[in-house]
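This report concerns only the one structure given below.
The values are calculated or read from the model by the stated rules, or taken from the named source; none is laboratory data. Bear in mind that the values here come from a model prediction, so they are computed numbers and not experimental data. Note: ideal-geometry Cβ built from the backbone for every residue, glycine included; neighbour counts use all protein chains shown.
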Ligand code: ADP
């Protein structure tokens, strides 16, 4: 079982707000992500005896840690354009009251919830008006990196490679995680060189990202949803739209520089070479070509940045990926092709939730201190660790839960 160290610090609460321990938000340009912890009452250990009966974990330095709480980390996302659905979900689950109170206590201080992403600013008033909660803003990059580090260190089989229909989980050695390049493909793309906990630099990015795929795809195919566009791309063939090396060389490879006849010479280039209108192209072929163009481009820029800083590992996150085999394969092939096999593309199981997990962790390192404080724990723990027991498969769209235990020193 993997553990992550963490020191409990006193709550510093300048606004006299009540912190909610188990809910955090990442409200991006396209999607609003919610991460929340639900505890399992049966497993709450509320006495010395209970604690000692539970199996202690021996750490490498010889100290022992005891489980004090079991529960689930839950992941959920909403389209930002439908932010009301997100508000409604939080309200219906009473997440902002800690999940167990019927309503806000009259006269009580407003509840503060950790939030990151631009929407934490844009929708601050809406959350205050509708739910009476204050969004306590955390920096987007800090959260992204903290979330990625946490998931990579703690969650078994979080990272995997994907190439040629082969998915392979990567065993991360915690002592050999850094440095790496984190490429977050959200609406836009951010590339961050990560060298350790809180040690990172945003080294590059591109505006041609997930928002471009969805926006341009919508204009070109009249798709009504992102999932519909992805579905179309499954069925399409980019050869109908892209100009290939073979189209230029009469079906032959350009072998002198290692380009096969099927390599794309110009994305969408075929559309100029004949007298056809947009309606004459199949929407699925357009969707496929677009997905390939954007994924290739991101893969190439990522590789160049990895090369710039001598990084061998590139972790891709963000909801553009959506565990889509073709997207992952294209990114992997691009990294593999340009690096001549030197660099490796890896993907994260909780791809789109990095920022939300980071915000969750920022509340008091583990976001669970209040929960413990609210319970009858005879001996207040001085240190908490967070261990993942298993991942509960959820919807195919990536919303799922992680069963986990909180350990106290
Ligand atoms: P952001 O924080 O910028 O919203 P995300 O990591 O949430 O970034 O990724 C947003 C991108 O994910 C979108 O631009 C789109 O390409 C893709 N995406 C995946 N699922 C959906 C969906 N259901 N609706 C809209 N976009 C989606």
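Does residue 131 fit the bill of being touching a residue at least 60 places away in the same chain (Cβ under 8 Å), assigned by TED's automatic domain parsing to the domain that holds residue 84 and in contact with a helix residue (DSSP H, G or I) (Cβ under 6 Å, 6 or more places away or on another chain)? Against the criterion (touching a residue at least 60 places away in the same chain (Cβ under 8 Å), assigned by TED's automatic domain parsing to the domain that holds residue 84 and in contact with a helix residue (DSSP H, G or I) (Cβ under 6 Å, 6 or more places away or on another chain)), residue 131 does not qualify. Taking segment 201-276 as the region of interest, the helices (runs of 4 or more DSSP H) fully inside it that hold 2 or more residues being more than 23 Å from residue 320 (Cβ to Cβ), more than 12 Å from the ligand (Cβ to nearest atom) and outside the structural domain of residue 293 (by TED's automatic domain parsing) are 245-248. Taking the listed residues 285, 280, the one that is crowded, with 18+ Cβ neighbours inside 10 Å, over 24 Å from the mean Cα position of the chain (by Cα) and more than 14 Å from the ligand (Cβ to nearest atom) is 285, with no other qualifying.
From the list 125, 85, the one residue that fits, being over 27 Å from residue 323 (Cα atoms), at pLDDT 95 or above and in the same structural domain as residue 389 (by TED's automatic domain parsing), is 125. Of the residues making up segment 305-325, those that are away from the ligand (no atom under 14 Å from the Cβ), more than 17 Å from residue 159 (Cβ to Cβ) and touching a residue at least 60 places away in the same chain (Cβ under 8 Å) are 305, 308, 309. Of all residues in segment 172-199, count the ones that are away from the ligand (no atom under 16 Å from the Cβ) and either over 17 Å from residue 307 (Cα atoms) or under 17 Å from the mean Cα position of the chain (by Cα) (or both). Number of matching residues: 14.
Any chance segment 327-341 includes a residue that's touching a residue at least 60 places away in the same chain (Cβ under 8 Å), within 16 Å of the ligand (Cβ to nearest atom) and buried (at least 19 other Cβ atoms within 10 Å of the Cβ)? The answer is yes, given that some residue of segment 327-341 is touching a residue at least 60 places away in the same chain (Cβ under 8 Å), within 16 Å of the ligand (Cβ to nearest atom) and buried (at least 19 other Cβ atoms within 10 Å of the Cβ).
Looking at residue 360, is it under 19 Å from the mean Cα position of the chain (by Cα) and more than 14 Å from the ligand (Cβ to nearest atom)? Yes; evaluated as a whole, the condition is true for this residue.
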